[in-house]
Amino acid sequence: MRLGTITLATALPLLACAQIPEPVLPAGVGVNIHFTTGHERDLDLMATAGFKFIRMDFHWAGIEREKNVYDWSAYDELTANLEKRGLRALYILDYSNPLYEEEITSPNPLTGKPYQTPASPQHEESITAFAKWAAAAARHFSGRKIIWEIWNEPNGHFWTPKPDARQYAALALATAKAIREADKDAKIVGPATAGFPWDFLETVFKAGVLEYFDAVTVHPYRNYSSPPETAAPDYAKLRGMIDRYAPAASKRKISVLSGEWGYATHQRGVSLETQAAFAARQQLANLLNGVPLSIWYDWTNDGTDPKETEHNFGVTLSDLKPKPAYHAIQTLTRELSGYRIAHRHDVGSENDFVLVLADAKKNMKLAAWTMGEPHRVTLKLGSKRSSVLPATMDGGRPTEVRAQKGSLALDLTAMPQYVTLGKTVLKTDPPR
């Protein structure tokens with residue numbers, strides 16, 4: 001992580017198309033869900049929080065129950081319900097289908113216990129059938145601004161009977177080619193790896209998938225003591241790998257997306273307050289590193305057991321009561337709507353983040369926090385006039401930040417605060 005000025009011109013690759021969200025808040029703020037039909041109250045709450053994307057499994061076996069017969073009805077309903085609320089879908093083309101692959105015993109991806117499941121597509125018939133189904137989906141939903149993701153975490157137990165980069169690459173190539181033929185404007189991403197498995201990624205990239213992918217998706221999960229900002233070196237290394245293996249004409253068009261990532265509030269996880277801070281900081285740190293779409297895992301707690309990890313990832317409780325993380329996202333999307341990161345202002349510490357953001361009219365705001373202990377920093381302003389600038393913390397609680405004699409004092413904490421500068425600039429800002 002480098003101190004000083006970090007600009008979008010150097011950090012952000014050119015976007016493939018408007019369907020990959022621009023790095024303007026809240027265009028790329030997303031959340032994982034686990035439903036198709038109904039749940040309209042959930043969707044209303046997501047829209048109210050300012051989410052703009054959902055990520056959801058697009059189950060092959062649930063759609064094709066008879067060979068070559070596709071039932072899109074559940075996803076027709078979900079897509080329509082999303083569109084009513086200004087939400088977009090990232091649909092994950094997954095998993096296998098007992099019509100084409102035999103059932104095997106494999107570790108459950110969440111529990112690790114043995115269970116019966118169809119093997120992942122790894123034979124000519126199943127790969128062809130998967131690709132045909134994916135192409136049919138792209139045709140059916142053409143023009144709906146859906147992003148299609150090929151599989152989920154194939155480097156783990158979601159690929160059965162065991163992870164195999166070459167098998168995944170064969171499926172991804174066949175599927176991406178079929179989607180491109182069905183809808184030339186479709187947006188295709190993958191491989192949605194758990195973490196940054198460098199050997200796995202290199203094998204997949206060498207196979208040629210970057211000729212067809214509009215973006216590379218990863219799930220940057222890490223130790224709970226490692227906050228969102230620590231993903232920066234991994235993103236940089238991944239971009240270097242993309243540059244090595246992407247065709248020359250497209251390497252700068254391939255974005256990196258954070259397709260799934262969260263911090264759970266179970267007993268061995270993070271506190272509710274830390275989850276809230278990380279939810280907001282994940283969005284901001286990813287944008288700073290040129291990642292225009294960030295999907296938080298998860299929308300709602302999947303249960304009520306305080307000891308169970310999977311029951312505590314949500315930004316709402318299982319009864320949809322908002323957790324502090326919900327309010328942190330809502331505050332972020334409201335306060336910074338229409339703004340993009342211009343640069344990171346150097347305040348002399350790797351742990352301190354003071355981001356300068358601008359809107360289309362060149363109005364300025366700050367988003368500021370620290371990874372260390374709370375402390376005060378003083379910023380020099382381009383104007384020496386005294387003024388009172390509104391600052392907002394988590395949950396929308398307003399505070400007053402007073403600028404005097406050309407200086408602005410900010411008390412940095414783990415939770416980002418947002419300060420309106422208007423046309424005032426920081427004294428060391430680069431020219432606008």
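Largest GNM mean-square fluctuation across 167, 417, 267, computed for the chain with C-alpha springs under 10 Å, falls on 267. When shorter helices are ignored and each DSSP H run of at least 4 residues is given -39500 (n - 2.57), the per-residue value for the chain at 222 nm works out to -8500 deg cm²/dmol. For residue 266, no residue has an amide H sitting under 5 Å from its own, ignoring neighbours fewer than 5 places away on the same chain, with H placed 1.01 Å from N. The angle between the Cα long axis of helix 324-335 and the longest principal axis of the Cα atoms of the chain comes to about 70 degrees, rounded to the nearest 10.
Using Cα pairs closer than 8 Å and at least 6 residues apart in sequence, work out the relative contact order for the chain, in percent.
On the way: 932 pairs, mean separation 66.2, N = 432.
Taking the mean separation of contacting Cα pairs over the length of the chain, I get 15 percent.
Between helix 272-288 and the chain there is an angle of about 90 degrees, using the helix long axis and the longest principal axis of the Cα atoms.
Counting only DSSP beta bridges with both residues in segment 13-340, what percent are antiparallel, rounded to the nearest 5? Provide the component values of the computation, followed by the final result.
On the way: 8 of 40 bridges.
Bridges in segment 13-340 are about 20 percent antiparallel.
Each other residue within a Cβ distance under 15 Å of residue 121 adds +1 if Lys or Arg and -1 if Asp or Glu, for a net charge of -3.
In straight-distance terms, cross-link reach from residue 206 covers every one of the lysines whose alpha-carbon lies under 26 Å from its own, apart from those fewer than eight places away in the same chain; here that gives 132, 162, 177, 184, 187, 237, 251, 253. Its Cα gyration tensor gives segment 342-422 an equivalent ellipsoid, and the semi-axes of that ellipsoid, as √(5λ) in whole Å with the largest first, are 18, 14, 14.
Could you please report the charge total around residue 146, scoring K, R as +1 and D, E as -1 over all other residues with beta-carbon less than 9 angstrom from its beta-carbon?
Numbers: positive: 88, 144, 145, 187; negative: none.
My count for the surroundings of residue 146 gives +4.
Counted by Cβ distance under 10 Å from residue 215, the other residues give a net charge of 0, where Lys and Arg count +1 and Asp and Glu count -1.
Computed over the chain, the Cα gyration tensor eigenvalues convert (square root of 5λ each) into semi-axes of 39, 23, 20 Å, ordered from largest to smallest. Translational diffusion coefficient of segment 244-323 (Stokes-Einstein, Kirkwood radius from Cα pairs, 37 °C, 0.692 mPa s): 235 µm²/s. Angle between the Cα long axis of helix 232-245 and the longest principal axis of the chain, 0 to 90 degrees, nearest 10? Once rounded, one gets 50 degrees. Here's how it looks for residue 401: its modeled amide H is under 5 Å from those of 389, 391, which are all 5 or more places away or on a different chain.
Laboratory data are not the source of any read-out in this text; all were calculated from the coordinates shown. All values reported here derive from a predicted model rather than from experimental measurement. Neighbour counts are summed over all protein chains in view; Cβ atoms, including those assigned to glycine, are modelled from backbone coordinates with ideal geometry.
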